[in-house]
Amino acid sequence: MKAMELVRLALSRLGSSRLRAALTMLGVIIGVASVVSLVAVGQGATSGITKQLQGLGTNLLTVNPGATTTGFTRGAAGSASTLTIADAQAIGGLDGVAAVEPETSTSQFVVAGTQNTTTTIVGTTGAYTTVRNFNVWQGSTLNGAAVDATLNEAVLGATTADDLGLGASSIGSTIKIGGLPFRVVGILQAKGSTGPTSQDDQILVPYTTVEDHFVPGKTVRSIGISVASAGQIDTVKGEITTLLETRHGIAAGGTNDFTIADQSQLLTTVSSVSDLLTVLLAGIASISLLVGGIGIMNIMLVSVRERTREIGIRKAIGARGRDILAQFLVEALVLSLLGGLIGIAIGVGASYLIGQLAGWGFVFNPITPLVAVLFSLLVGIVFGVWPARQAARLDPIVALRYE
Amino acid sequence: MSTPLIELQNVSRIYDLGHIQVAALQGVDLDVQEGEFLAIVGPSGSGKSTLMNIVGCLDRPTAGTYTLNGTPVAELDDDGLARLRSRTIGFVFQNYNLLPRTSALENVATPLLYQGVSRKDRLARAGAALERLGLGDRVNHVPTELSGGQQQRVAIARALVTEPALLLADEPTGNLDSSSGADVITLLHELNAAGRTIVMITHDVDVARVASRQVHVRDGRLIA
């Protein structure tokens, strides 16, 4: 018998008992919808986190001072003050380094007109915005001349500007940082927070100015480096290590007084965790698909029992065992496939909604629905074959007499 | 004399119930020529249903040989039996055995489905068969919307739509009132007059009288 004929037969049969067909399909619908939407949620979360991490800076390496060791007591990482402006400048000369910026910091009381706040003052250069992936909303970033001339210029984070009641018209106005007058040259675009400390609540000033007025000395809190391309990250990391070891007089294999943090490591860890989460979610959802499949098998077995006489009639008028097998199998397949398609529609709709609500947007991966449909077909075959074989094996004489 | 359409030689059917063996048919010899109208008459439990199952290729004899239309039935597997039924035999049952929730037209067209006839041809031929039996205005009715006599005529149309060599009727009037039953008997008689070979199983001697020949079954044996 042709596939078309079988599908027609199955559809007319399912059409004659719609409620039962719908309830049977519901299991598969829920299963497929949950697989599709949970995988999409997992992937959406992954891409959302990845985007946020990338927002911290593209191909970013951060060099931090190592720990101090006083006697036998090792202090916290970053407690040493071994990194200097000169180190940063030397790193700037390496191959594959696109931009480098030193960072010193201090916390100061800031006043603008009648508003005030206490915030982090970052002493850095104009490269800060490049390396840390900030966009300038108004005005400009710090320029080289201001750094060289130790000018009292400030670039405000979006939150800080807000707190101080400063806007687009405030470029050129004067604020007081730690009691000293600074000219506002720029305001950064908001980036959103990652964790408890907001990257938007800070003020950038030339590191020379910080050194002069707030934190004397040539040491820096950290050095941010933007590597020219992702492929060079490992090479550049090696170069920096060698360079700093030489500069700090550390023998190869000795304990380094600095650490280099790599954004890509963090990214790999985070995405492997969220991939695991996605697989876990899909696995849980697959269980509901399995339950849906068992529902199909249950209904098909009942159906074979109910239609014993019909099977007998069909056999008497010329149906072979394989015709009956095909009829029941196609019926199970149509149920699972229809359920699968409806499930995909619901799943895609749900993942769109969740994506909008969670704010990571709509991540649509065509592989998921494809796999879901194949899986629901598989469910149809696996759970349809047994009832169909039962039907095909019925003895026509017994079946015809069945009441 | 030409080769008979049906040729049973020393056919036995023994049911093995484990602890006991029951012989439903014992040493039956029966020939049916093309164009004959044979009535197989016997009370219930006589073995006539077993005989009809064997003649209808729904069952195989445990001993003896059966040749239908030149094909030795004992050698066929289940698919072979199905094919032989599909091409050679049209069944009419006591309780009509129409497919439930299925229109008269689709019911009559179903045997052609298993012959691989295209849907268009199936419906055309089924429509014509229903028309011939005076059911042209009932094609879209489902069995529950038809009277017993009409259902049996749909069943006869379904049996005839494949133009089978043999029409096998099992108590075709058993569930009908006397007037509908008489109609069906008249119809079978007409079909036979037009050349169709018919084997009818019945317990009713009055019904059997329309046949051109009668054989009687008792205790699994044919008696003259």
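The values are calculated or read from the model by the stated rules, or taken from the named source; none is laboratory data. If you're wondering where the values come from, they're calculated on a predicted model, not measured in any experiment. Note: ideal-geometry Cβ built from the backbone for every residue, glycine included; neighbour counts use all protein chains shown. Each accessible area value is taken on the protein alone, full model and side chains, heavy atoms only, with ligands, DNA and RNA left out. Shrake-Rupley method; radii C 1.70, N 1.55, O 1.52, S 1.80 Å.
Points to keep in mind about this one:
- In the set A:ALA350, A:ALA326, only one residue is within 14 Å of chain B (Cβ to nearest Cβ), touching a residue at least 12 places away in the same chain (Cβ under 8 Å), of a type outside the set (Asp, Glu) and surrounded by fewer than 24 Cβ atoms within 10 Å (Cβ to Cβ); that residue is A:ALA326.
- Among the residues making up the stretch A:214-239, a single one is open to solvent by 30 Å² or more (accessible area, probe 1.4 Å), β-branched (Val, Ile, Thr) and within 22 Å of A:PHE182 (Cβ to Cβ): A:VAL215.
- Residue ID - farthest from the other protein chains (Cβ to nearest Cβ), chosen from residues in the stretch A:9-59 that are within 28 Å of A:ARG322 (Cα to Cα) and either of a type in the set (Val, Ile, Thr) or in contact with a Lys or Arg (Cβ under 8 Å, 6 or more places away or on another chain) (or both): A:VAL28
- Matching residues in the stretch A:286-311 - criterion: being within 14 Å of chain B (Cβ to nearest Cβ) and either among the polar types (S, T, N, Q) or buried (at least 23 other Cβ atoms within 10 Å of the Cβ) (or both): A:SER303, A:THR308, A:GLU310, A:ILE311
- Cβ separations smaller than 7 Å between residues 6+ apart or across chains give the following pairs from the stretch A:154-165 residues that are outside any strand (DSSP E or B) to residues that are hydroxyl-bearing (Ser, Thr, Tyr): A:THR159/A:SER198; A:THR160/A:THR117; A:THR160/A:THR119; A:ASP163/A:THR117; A:LEU164/A:THR117.
- Number of the exception - B:GLN115 against (1) in contact with a Lys or Arg (Cβ under 8 Å, 6 or more places away or on another chain); (2) farther than 20 Å from B:GLY56 by Cα; (3) open to solvent by 20 Å² or more (accessible area, probe 1.4 Å): (2)
- Restricting the stretch B:108-127 to residues that are closer than 21 Å to B:LEU168 by Cα and of a type in the set (A, V, I, L, M, F, W, C), the residue that is nearest to the other protein chains (Cβ to nearest Cβ) is B:LEU113.
- Selection from the stretch B:3-44 of residues that are part of a loop (DSSP other than H, G, I, E, B) and open to solvent by less than 80 Å² (accessible area, probe 1.4 Å): B:PRO4, B:LEU5, B:GLY18, B:GLN33, B:GLY35, B:GLU36, B:GLY42, B:PRO43
- Leading residue by the ranking (nearest to the other protein chains (Cβ to nearest Cβ)) among those in the stretch B:45-61 that are out of contact with any Leu (no Cβ under 9 Å at 6 or more places or on another chain) and open to solvent by 30 Å² or more (accessible area, probe 1.4 Å): B:SER49
- Restricting A:SER81, A:SER173, A:SER169 to residues that are at pLDDT 90 or above and of a type in the set (Gly, Ala, Ser) narrows the list to A:SER173.
- Single residue of A:GLY157, A:GLY123 found to be under 30 Å from A:LYS51 (Cα atoms), out of contact with any helix residue (DSSP H, G or I) (no Cβ under 7 Å at 6 or more places or on another chain) and modelled with pLDDT of 90 or more: A:GLY157
- Restricting the stretch A:83-96 to residues that are among the aliphatic types (A, V, I, L, M) and open to solvent by 20 Å² or more (accessible area, probe 1.4 Å), the residue that is nearest to A:PRO65 (Cα to Cα) is A:ALA86.
- Meets criteria (more than 10 Å from every other protein chain (Cβ to nearest Cβ), in a helix (DSSP H, G or I) and open to solvent by less than 60 Å² (accessible area, probe 1.4 Å)) for B:GLY136: no
- Among the residues making up the stretch A:302-320, those that are basic (Lys, Arg) and within 56 Å of the chain's Cα centre (by Cα) are A:ARG305, A:ARG307, A:ARG320.
- Criterion (modelled with pLDDT of 85 or more, assigned by TED's automatic domain parsing to the domain that holds A:ARG18 and at negative phi) met by exactly one of A:VAL236, A:VAL227, A:VAL304: A:VAL304
- Considering A:ASP275, A:ASP262, the condition of being under 30 Å from A:GLY238 (Cα atoms), surrounded by fewer than 15 Cβ atoms within 10 Å (Cβ to Cβ) and in contact with a helix residue (DSSP H, G or I) (Cβ under 8 Å, 6 or more places away or on another chain) is satisfied by A:ASP275 alone.
- Scanning the stretch B:63-107 for residues that are more than 10 Å from chain A (Cβ to nearest Cβ), part of a helix (DSSP H, G or I) and surrounded by 24 or more Cβ atoms within 10 Å (Cβ to Cβ) gives a single hit, B:ALA104.
- For the stretch A:251-260, the condition of being within 31 Å of the chain's Cα centre (by Cα) and either under 17 Å from A:VAL131 (Cα atoms) or free of Cβ contacts under 8 Å to residues at least 12 places away in the same chain (or both) holds for at least one residue.
- Only one of A:GLN356, A:GLN390 that is more than 14 Å from every other protein chain (Cβ to nearest Cβ), over 26 Å from A:GLY292 (Cα atoms) and open to solvent by 80 Å² or more (accessible area, probe 1.4 Å): A:GLN356
- Filtering the stretch B:197-213 to residues that are open to solvent by 70 Å² or more (accessible area, probe 1.4 Å) and either in contact with a Lys or Arg (Cβ under 9 Å, 6 or more places away or on another chain) or closer than 17 Å to B:THR50 by Cα (or both) leaves only B:HIS203.
- Of the numbered criteria (1) closer than 23 Å to A:SER288 by Cβ; (2) crowded, with 23+ Cβ neighbours inside 10 Å, the one A:ALA345 fails is (2).
- Once the stretch B:139-152 is narrowed to residues that are in a helix (DSSP H, G or I) and either open to solvent by 60 Å² or more (accessible area, probe 1.4 Å) or within 23 Å of B:ARG83 (Cβ to Cβ) (or both), the residue that is farthest from the other protein chains (Cβ to nearest Cβ) is B:GLU145.
- Cβ-Cβ under 6 Å pairs, at least 6 apart or on other chains, the stretch B:48-67 side among the hydroxyl-bearing types (Ser, Thr, Tyr), far side part of a strand (DSSP E or B) and surrounded by fewer than 23 Cβ atoms within 10 Å (Cβ to Cβ): B:THR50/B:ARG13; B:THR50/B:ALA24; B:THR62/B:SER12; B:THR62/B:ARG13; B:THR62/B:ILE14; B:THR65/B:GLN9; B:THR67/B:GLU7
- Between B:ALA128, B:ALA155, B:ALA182, B:ALA194, the distinction of being open to solvent by 70 Å² or more (accessible area, probe 1.4 Å) and either of a type in the set (Gly, Ala, Ser) or touching an Asp or Glu at 6+ places or on another chain (Cβ under 7 Å) (or both) belongs to B:ALA194 only.
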